[in-house]
Amino acid sequence: MFGIPEAKRKFRLRYRTLFCRVRFAAALLPPFMALAQPAGKVSFQKDVAPLLAEKCWGCHGGSMKMNDLALDTREDALRGGKRGPALMPGKPEESLLYRKIAGLDQPQMPFGGRLSDDEIAVFRAWIEQGAPWDAKPVTTTAGPAPGAYEFTAAQRAYWFFQPIPKIVAARPGAPPASTNPIDAIVNAAQAAKGIRANAPADKVTLLRRATLDLTGLPPTPEEVQAFLTDNAPDAFAKVVDRLLASPQYGERWGRQWLDVARYADTNGFKADEARPNIWRYRDYVVKAFNEDKPYDRFIREQIAGDEMYPESIEAHIATGFLRHYTDETNQPSMELRREELLQNITDTVSTAFMGLTYGCAKCHNHKFDPILQKDYYRLQAFFENVQAKDDYIPLSGAALEAERKRAADYEEKTRDIRAAMHALVAQFAAADAKEYMNRFSEGTREAILTPPEQRTPYQSLLAVKGMPQITYQDEKLAARLKGDEKKQFDELAAQLKQFDSLKPDSPHAQTMIDQGVDSPKSYVLAAGSWNAPREEVHPGFLSILDPGDAKYSQPEAVASTGRRTALANWLADPNNPLTPRVMANRVWQGHFGTGVVATSGDFGIMGERPANQALLDYLAASLVENGWSIKKLHRLIMLSNTYRESSLSEPAAAAIDPDNKLMWRYPRHRAEAEVVRDAMLFTAGRLNLDMGGPGVRPELPEGVDTSGYSTWSVNKDEADTRRRSIYVYVKRVLTYPMFEAFDAATSEESCPRRFSTVVPSQALTLMNDKYVLEWSRSFASRVLTDTGLTREQQINRAYRIAFGRAPEPDEITAVSDFLTRQAALVSGRMARNEPVLLPDRIPAGTEQSFAAAFVDFCHALMSSNEFLYIN
């Protein structure tokens, strides 16, 4: 009914790989032009082979055979691939190889860069001469030596890699001091196109917009009234400051960061085991936003908190950012499992902080952006030595010492009992482990069987990953005991139970650390395969910005390499042109639904160009120069006229800029899935504002399969099920159905931007979901229990709660007519003993038929576009 999560995951991964290879189709290169003909006979070895090796072999040689086409030998080329033969000797126009490089067939090859006219002419002449091919196959040695890649002038001049101008330089001209610089920049771009911005939105619309933006909840009628009666020039500024100070701000904007961090409470894949303490990272993010933790510190804590701030509990928890990878825990090859985790981390870091699709360079140099294949593995090398730490105790000082002492006492006092229990089942454990070891890859078995003190750093990481699969609980093995041995085990278990009062019950957090000061070596991997290493690489940054190896040193306080500290400092450097732009764009996107760069996870060649680069640069510079304060950036944006303008469409402006890239109107957009649910609960008066703690599981609709690995244990306390959506348990193989219907983010990879669809399942969810109906009943009760209201006043009250505004006269008339007709229909259903929806509480003297009709009215309000969209 709600899809097959595992199949969907595989489709997404397959699509992502395909997208990496074929997204060039969106940007056709200039038309092919007439070429000069080379003089004389073309030499294959001298003229053709080097071009094949440098330009073609990366995708059509060795283990890489895109579209099943190999160009290693003449036979390969004659055989061709899915599109037929690559070579038709003597017939260039019929040879796929020539047609592709000449642009006669699109997309033109090679990916991301056209051959020169002279190079294309060489291929044409060679084919006309019969395409002679020496017996010696083409190899990579014919191409440039490793590291000899030369970036083009255009690549070096690409806007995203240029320094961010200082604030003064970002302004177009010298606007008056009282003008918000955002408006000066935006208005200048509009004026250049002959566009005039919209007038300001009315105060109710503006307040609802701002409140939903910053807290994810609608304003109360009392807040609306207070704003309407405040005529001071800084009335809206006071609203913004109040909302930024609200605890609900961190929950709203923390959820957006969790999309980027691919947060989930489970491992993913088929088994999808729980990560019982990963929620502490989610709470860390909420707290960080509420406290306006400087973004550069936020970066450092998540990449290298354990190395840089070893005494900080928060910093240790923050490294859970690296822990949110999907993990196939029953994978028999720890080498493959480890490489998949490292690739997940590498891809996420590049998208989240750098706005680049590093993942496209796993198998070859990026086809569009100046990201070398070695750059991918240089970035991955920063994480080469990491391992999960799921037993970190988030305590310090005396509390931590007390926990450690308690654990040591328990270990000492129960050591003999536990040893005796294990001795009774040791034979079963050894036999099971021996049998299971046959599943492991050869390297995994060797790592586990090697004594710990003799393992290489690489083997140590493999063993840590593999050992849990052959580690068994004595209590489960004891079920196979019989007779006196079973009796003896039970007696020992009873003795052990007497020490339960001493057993430590420490809190834990799931974090990441380095396994020690020595790291495995890093290599460029052919086709991204762990078992196909090429040249060794060292930790390093984007070559076009910083080609040298990263410099790092071991921290004094922890046994770690210090590699991640170097990366964190590079990312958080105020002179880094990437990081501030990416985050400033993300904040803008959070307010307007679309960033200045619409592809907020891809600022590269195939991403969208900034609609207004001067604006983005100003926002980025402001972020840095205001101490990396996210709240100050919010305030700057929200106090601009650009944010406060009406969303109405103006035909003249729309004719010039139909996509509103120049921001002449506020872009109306639907609220995210979590905001829809929270706003409904809030409107119904049922929202539980308790913060933090383990994820909660509300009841699921009928028909959702919760058997096997999809187990979903509903919280016993009904109040817990009404907490904010950020606290709803994120299970990778079972997305909460309402969230799935309204385009929730995937948690399998970083999601820099959600897309908003309009599909039937959304309307069906709003019409039939058990909770939506219950909230409609509560909303009706909230209005009807306000005593002494006339019908018109009740309608007015419902509108003010749901929309923040009073109804228009024609709306009052239409709703009154509806209530009369609907009450009559309900009376008929009740007379026939058919079920009807009644409010939670019906005041004395209110007819049940009218009360049920009012529930339907409230249901309609919460299902309307005015309720679901941010206007």
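Selection of the range 556-576 for residues being of a type outside the set (Val, Ile, Thr) and closer than 18 Å to Pro520 by Cα yields Ala559, Ser560, Gly562, Arg563, Arg564, Ala566, Leu567. The number of residues in the range 250-292 that are of a type outside the set (D, E, K, R) and farther than 13 Å from Gly695 by Cα comes to 18.
For the range 451-484, residues that are of a type in the set (Ser, Thr, Tyr) and either part of a helix (DSSP H, G or I) or touching a helix residue (DSSP H, G or I) at 6+ places or on another chain (Cβ under 6 Å) (or both) total 3. Residues in the range 424-460 that are under 23 Å from Lys521 (Cβ atoms) and more than 35 Å from the chain's Cα centre (by Cα) were compared, and the one that is surrounded by the most Cβ atoms within 10 Å (Cβ to Cβ) is Arg455.
Any idea which residue in the range 817-845 is modelled with the highest pLDDT, counting only those that are surrounded by fewer than 15 Cβ atoms within 10 Å (Cβ to Cβ) and under 29 Å from Thr220 (Cβ atoms)? Across the range 817-845, the extreme among qualifying residues is Asp817. Only one of the listed residues (Ala494, Ala463) is open to solvent by 50 Å² or more (accessible area, probe 1.4 Å) and either in contact with a strand residue (DSSP E or B) (Cβ under 9 Å, 6 or more places away or on another chain) or not β-branched (Val, Ile, Thr) (or both). That residue is Ala494. Is the range 237-248 home to any residue that is more than 29 Å from the chain's Cα centre (by Cα), under 30 Å from Ala653 (Cα atoms) and surrounded by fewer than 19 Cβ atoms within 10 Å (Cβ to Cβ)? Within the range 237-248, one or more residues are more than 29 Å from the chain's Cα centre (by Cα), under 30 Å from Ala653 (Cα atoms) and surrounded by fewer than 19 Cβ atoms within 10 Å (Cβ to Cβ). If only residues of the range 282-339 that are under 17 Å from Thr266 (Cα atoms) and of a type in the set (Asp, Glu) are counted, the one that is surrounded by the fewest Cβ atoms within 10 Å (Cβ to Cβ) is Glu328. So which of Glu75, Glu54 ends up being at pLDDT 80 or above and either open to solvent by 70 Å² or more (accessible area, probe 1.4 Å) or among the basic types (Lys, Arg) (or both)? On inspection, the qualifying residue turns out to be Glu75.
Considering the range 614-663, the residues that are open to solvent by less than 80 Å² (accessible area, probe 1.4 Å) and of a type in the set (Asp, Glu) include one that is nearest to Gly194 (Cα to Cα), namely Asp657. Looking only at residues in the range 137-158 that are touching a Phe, Trp or Tyr at 6+ places or on another chain (Cβ under 9 Å) and either modelled with pLDDT of 85 or more or not polar (S, T, N, Q) (or both), which one is farthest from Gly548 (Cα to Cα)? Among residues in the range 137-158 that are touching a Phe, Trp or Tyr at 6+ places or on another chain (Cβ under 9 Å) and either modelled with pLDDT of 85 or more or not polar (S, T, N, Q) (or both), the one farthest from Gly548 (Cα to Cα) is Val138. Could you check the range 352-379 and list, in sequence order, the residues that are more than 17 Å from Leu545 (Cα to Cα) and not aliphatic (A, V, I, L, M)? Within the range 352-379, Gly359, Cys360, Lys362, Cys363, His364, Lys367 qualify.
Of all residues in the range 553-589, those being assigned to a helix (DSSP H, G or I) and open to solvent by 10 Å² or more (accessible area, probe 1.4 Å) number 7. Scanning the range 318-365 for residues that are over 24 Å from Ala568 (Cβ atoms) and out of contact with any Cys (no Cβ under 9 Å at 6 or more places or on another chain) gives Glu328, Thr329, Asn330, Gln331, Pro332, Ser333, Met334, Glu335, Leu336, Arg337, Asn365. Just one of the listed residues (Ala494, Ala509, Ala479) is under 35 Å from the mean Cα position of the chain (by Cα) and of a type in the set (Gly, Ala, Ser), namely Ala509. Please work out if Ala447 is under 20 Å from Ile513 (Cβ atoms), among the aliphatic types (A, V, I, L, M) and assigned to a strand (DSSP E or B). Taking the combined requirement at face value, the residue does not satisfy it.
Within the range 445-474, residues that are among the β-branched types (Val, Ile, Thr) sit with their Cβ atoms under 6 Å from residues that are open to solvent by less than 70 Å² (accessible area, probe 1.4 Å), at 6+ positions apart or across chains, in these pairs: Ile448/Ala463; Ile448/Gly466; Thr450/Gln459; Val464/Gln387; Ile470/Ala433; Ile470/Tyr436. Taken over the range 395-416, the criterion of being open to solvent by less than 40 Å² (accessible area, probe 1.4 Å) and either out of contact with any Leu (no Cβ under 9 Å at 6 or more places or on another chain) or free of Cβ contacts under 8 Å to residues at least 24 places away in the same chain (or both) is satisfied by Leu400, Ala407.
The values are calculated or read from the model by the stated rules, or taken from the named source; none is laboratory data. It should be emphasised that the depicted structure is a prediction, and the values quoted were computed from it without experimental measurement. We place every Cβ from the backbone using ideal geometry, glycine too, and count neighbours over all the protein chains shown. In case anyone asks, the SASA skips ligands and DNA or RNA and just uses the protein heavy atoms, side chains included. Shrake-Rupley method; radii C 1.70, N 1.55, O 1.52, S 1.80 Å.
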